[in-house]
Amino acid sequence: MVFEQIVSGGCRSYLVGCEETCAAAVIDPEISQIDRYLALAARDGLRIHHVIDTHTHADHFSATQQLARRLGASAVMHRESPAPFVNMRVDDGEMLVVGRLRLQVMHTPGHTRDSMCLRIEDRLFTGDTLLIGATGRTDLPSGDAEALYDSLFGRLLRLDPELSVFPAHEYKARGHSTIGQEVAANPRLQLRDRGAFVEMMHNLNLSMPTHVTEALRTNMSGGKTTAQLLAEAAAAVPFMSLVELNTRIEGSCNDLVMLDVRERDAYEAGHIPGARLLPRGQLELRVNQELPDPTRRILAYCELGLISTLAVATLRGMGFQRAVALDGGMKAWREANYHVQAGKEP
Ligand SMILES: [Fe+2]
C-alpha cells in the first residue's frame, strides 16, 4: 500500500494507493493542501479515483468537492451527509474498491450523524469519531453523545487491538496509535458506563472551533469560502505595485484610469491623486457610463486590496481586458507616505 499522512495544522488527511494498479483515494482533504495531494499522487504515479470525507467537518474547509471535480473522481460521503456535491453516498458494511485495496465503511455516528470510519487492511481511519487520547466532540450540529458511545464501545473498541488508528485531527504531532492503546489509555474511554460517558461528553464545555459557521456553510453546501473567492480572483487578475503606480503618477506618464472602489466618505477623506470614485457596490451597473472605452487601462484600488481584486476580476469578466488591481490598498499607500488628496471628485 502506498500511504501518505498529510499534516495541515491540526488536520490530518491521507493518500492511500494501490501499488499494483496505481489507483488511489484521498481521505479528509483540506482546502489549503490541494496542490500537495496532486503532487504526492503524481510523485508516486497514482491516479486518485475517490475523494472521501469521513463526515461533515465543522473545523476545517474540505477540499473534497474541488479535488473530485478537478480529477473527475467520485466525491464520497456517508448517505446522511447533506452535501449536494457528493455523488457517491455509502453506508455501513459497504466497500470502496481502490485497485487491489478494499476500503471498508463503518457508519459510526456520534460526532456527527454522517460520521464514518474506513478500514483498510491493518489501518483504521477514524475521522473525528476516535482521536488519539480523545474522541470527537458531540456538541456541534447533529452530534449525539449516546450514538458516539454506541459507535465507540459497541463497535470500534471491539476491533482488533493491533489495528492502527489514523484520526482526522491530531494536535500533539503523534502520527497514529492503536485500538489497544486507546482502550488502555484514552482518558475519554475510561468511563465505560453509558450514562457516565454521556454526562462527561455533555460537560466538556469546549470553545467553538474557529470558522465554524463558514466551515459548516461551505462544507454542507459546496459553496465557496471567502478565502477561496479571493484566491480565485487573485489568480485571474494582474496587479500593479504601489511603487510602480507612484512612479507613473509622478512621471506624468500615467495612462491609467484609476478607480477608487471604496465608498464616497472614504474617497473624500483621502484618495490617490487623479482617481475617480466608483464604489464596488455600483460597479456592474455603472461601467457602461463610467468606462465607455473597454480598451483603456484601468487600475482599481480599495482600502486593503481585497475588494479591488474582486472588482478587477469582475471587470475582466465583463470584457475590460486591461484592468489591473493595486497590490495593496489605500492603507498601504498612506503608510508608504505617498501623496494623498482629500475632497470631492472634480
Ligand atoms: Fe469533525
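Quick check: the angle from helix 307-317's long axis to the longest principal axis of the chain, C-alpha only, nearest 10 degrees?
80 degrees
For labels at residue 1 and residue 293 in the simple 7 Å Cα→Cβ model, what's the distance in nm?
Each label point is offset 7 Å from its Cα along the Cβ direction, giving 6.5 nm.
Fewest to most neighbouring Cβ within 10 Å: what's the order for 253, 22, 11? Before the final figure, lay out the partial values.
Numbers: 253 9, 22 15, 11 22.
Going from sparsest to densest Cβ surroundings: 253, 22, 11.
What is the order of 166, 239, 320, fewest Cβ neighbours within 10 Å to most?
The order, fewest Cβ neighbours first, is 239, 320, 166.
Arrange the following residues from fewest to most other Cβ atoms within 10 Å of their Cβ: 13, 164.
164, 13
Quick one: compute a quarter of the convex hull surface over the Cα atoms of region 240-287 and quote it in nm².
3.7 nm²
Using only helices, what value at 222 nm comes out for the chain when you add -39,500 (n - 2.57) per DSSP H run of length 4 or more and divide by the total residues, to the nearest 500 deg cm²/dmol?
Per the formula, -8500 deg cm²/dmol.
Considering the chain as a Gaussian network with a 10 Å cut-off on Cα pairs, which listed residue, 219, 288, 205, attains the greatest mean-square fluctuation?
So, out of 219, 288, 205, the one fluctuating most is 288.
Between region 121-187 and region 67-114, what is the separation of their alpha carbon centroids in Å?
18 Å
Just flag the trypsin sites (Lys or Arg not before Pro) in region 151-205 sitting in loop per DSSP whose Cβ has no more than 13 other Cβ atoms within 10 Å.
The qualifying sites are 172, 174, 192.
Please go through region 287-339 and write out the trypsin sites (Lys or Arg not before Pro) that DSSP classes as loop and that have at most 14 other C-beta atoms within 10 Å. Mind dumping the intermediate values first?
Working: sites: 296, 297, 316, 322, 331, 334; in loops: 296, 322.
Passing sites in region 287-339 are 296.
Using only the alpha-carbon atoms of region 2-223, report the extent along each of the three principal axes, biggest first, to the nearest angstrom.
48, 38, 31
Along the charge dipole of region 2-223, which of 77, 98, 129 sits closest to the positive end, that is, farthest toward it, with unit charges on the beta carbon of Lys, Arg, Asp and Glu (+1, +1, -1, -1)?
The one lying farthest along the dipole's positive direction is 98.
In the chain, with Lys and Arg counted as +1 and Asp and Glu as -1 at Cβ, which of these residues, 306, 289, 270, has the Cα nearest the positive end of the dipole, that is, farthest along it?
Comparing the listed Cα positions along the dipole, 289 ranks first.
Relative to the longest principal Cα axis of the chain, at what angle does helix 212-221 sit, 0 to 90 degrees, rounded to 10?
The two axes meet at around 80 degrees.
Among 142, 32, 207, determine the one that fluctuates most according to a GNM of the chain built with springs between C-alpha atoms less than 10 Å apart.
207
Throughout, read-outs are computed from the coordinates displayed, never taken from laboratory work. What you see is a predicted model, and the numbers here were worked out from it, not measured in a lab. When we count neighbours, we look across all protein chains shown, and the Cβ atoms used for this are built from the backbone with ideal geometry, even at glycine.
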